[in-house]
Amino acid sequence: MADVIPYNPEEKGAQPPSLYPAYKSTVLRAPKQPLVILPHTLSEVTGPVYGHGKVLPVDADLTKQHAGEPLGERIIVSGRVLDENGRPVANTLVEVWQCNAAGRYIHARDQHPAPLDPNFSGAGRIVTDAEGNYKFTTIKPGAYPWRNHPNAWRPAHIHFSMFGPSFINRLVTQMYFPGDPLFAFDPIYQGIPDEKARARMVSRFDMDTTIPEWALGYKFDIVLRGRNATPMED
Amino acid sequence: MSKQRLGQTPSQTVGPFFHFGLPYEGDSNLIVGDAQGQRIIVEGRVTDGAGEAIPDVMIEIWQANAAGKYDHPEDTQDKPVDEGFHGFGRCATDNDGVFRFQTVKPGAVPGPGNSLQAPHLVTFVFGRGMLKQLLTRIYFEDEAHNAHDPVLALVPEARRNTLVARKINPSTYRLDIVLQGEGETVFFEY
């Protein structure tokens, strides 16, 4: 069997270190031994391309998962999943989860004294189309406090999980909203060394996908690691 | 050369509250039908640098089927895909930091050149306090080919055992994952 074509390495500065002491829980969870450099093998360049389970239309509308409408600002988040060469990542599973408009997660361990919303769970799943497009409807999540340091608050964000064409492409990230005053104080956002790369996690308001009398549009493109050649010719 | 590359989207932590978003029914059971091969349980406990069990990490595995075939277009080996088996599994740790997968023992798979890789599970660890996931592998102690595995050969000999699951009964393999400190698991840069 021919050797596999490896994916590009991590872009310097665009990916966070394991240890970032300002984010306190990294201190006991970051490895201290050097990482062993792994050349990509068949095990890494393959992966669960189609994700898992059946994805239903209601999975892409987080405002329609209960009997009533959730409270908050209705938004439509859309964008493309691409590789570094700008090629679409088609038919890949995107999983999203978030807190409600008040900044509270539907999670037993979330003790923030903000109200739960009986009409909002906050989890969705979308499969990208042939051009790498995804789209879902939700409500804008709130900021919320956490105990990392005194008066610590997370900027509003939606968690994203992507598979991509191989397991090596696996990416979990967070999408933020433009102009959030909390960026400067958030060690999770600031954990990305390169300021320009950090800004890639910030969605942009988009009038074209804003629906009159209904919902504001935000665009968020995701770029996964690519490679310099294709392993198979068409 | 080609046009300018787009910049990679940075990784961020899954955070502590992923449980309503990522786990799904049957996520840790890779056997979805009449799967070929030896049915096994792979389990372990995840601990941090203080030796404390971590109840809020998530483990994902990707593996070949019993014949050593990945269900993916880039695996061009002339071997059958197993309809009764799904190569991907996901498991959030429980309150004791324990994960447990029901799967089949994978076959050996091709490695670089003409080498063969010993049976293994590609393993990601995600969690709060982890801005990016960690990559490791789970091998099996009763595989003679471990001695010739091209990836284990890259790992300092004294640390190889951190990647090799012990057989604790005829159908159960156990490997604890130590994020930091004594017995720290080998993680890979990829």
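With bins 5 Å wide beginning at 0, the percent of Cα pairs of chain B falling in each bin runs 1, 7, 15, 19, 19, 16, 12, 6, 2, 1, 0, 0. 3J(HN,Hα) couplings calculated from phi for the stretch B:21-35 with the Karplus curve 6.51 cos²θ - 1.76 cosθ + 1.60 (θ = phi - 60°) are, in sequence order, x, 10, x, 9, 3, x, 5, 9, 10, 8, 8, 10, x, 8, 5 Hz; Gly and Pro show x.
Inverting the pair-averaged 1/r between distinct Cα atoms of the stretch B:78-190 gives 15.5 Å as its Kirkwood hydrodynamic radius.
Across peptide A:169-180, the mean count of Cβ atoms from other chains lying within 10 Å of each residue's own Cβ comes to 4. Measuring from centroid to centroid over Cα atoms, what is the spacing of the stretch B:141-190 and the stretch A:2-43 in Å? Each part reduced to its Cα centre gives a spacing of 18 Å.
Here the Karplus curve 6.51 cos²θ - 1.76 cosθ + 1.60, taken at θ = phi - 60°, turns the phi angles of the stretch A:165-176 into couplings of x, 8, 5, 5, 7, 3, 9, 10, 9, 9, 9, 10 Hz, with x standing for Gly and Pro.
Here A:LYS135 is the anchor, and the lysines within straight C-alpha reach of less than 29 Å, apart from those fewer than 8 places off in the same chain, are A:LYS54, A:LYS64, A:LYS196, A:LYS219, B:LYS3, B:LYS132. With a simple spin-label model that places each label point 7 Å from the Cα along the Cα-to-Cβ direction, the separation between B:ARG100 and A:ASP208 comes to 5.1 nm. Of all lysines in the structure, the ones whose alpha carbon falls short of 21 Å from that of B:LYS79, not counting any fewer than 8 places away in one chain, are B:LYS69, B:LYS105. Along the stretch A:148-155 the Karplus relation, 6.51 cos²θ - 1.76 cosθ + 1.60 evaluated at θ = phi - 60°, assigns HN-Hα couplings of 4, 7, x, 6, 8, 9, 7, x Hz to successive residues, with x for each Gly and Pro.
Mean residue ellipticity at 222 nm, helices only, chain A: -500 deg cm²/dmol; runs of at least 4 DSSP H residues each add -39,500 (n - 2.57), and the sum is divided by the number of residues.
So what's the net charge close to B:VAL151: Lys and Arg +1, Asp and Glu -1, counting the other residues with Cβ under 11 Å from its Cβ? For residues surrounding B:VAL151, the net value is 0.
Taking other residues whose beta carbon is less than 12 angstrom from the beta carbon of A:TYR20, and scoring Lys, Arg as +1 and Asp, Glu as -1, yields +2. Checking every one of the GluC sites (Glu not before Pro) in the stretch B:1-103 against DSSP loop status and a limit of 11 other Cβ atoms within 10 Å picks out B:GLU25, B:GLU52.
Every number in this text was worked out from the coordinates using simple rules, so none of it is lab data. None of the values given here were measured: they were computed from a predicted structure. Cβ sites come from the backbone with ideal geometry, for glycine too, and all protein chains shown count toward neighbours.
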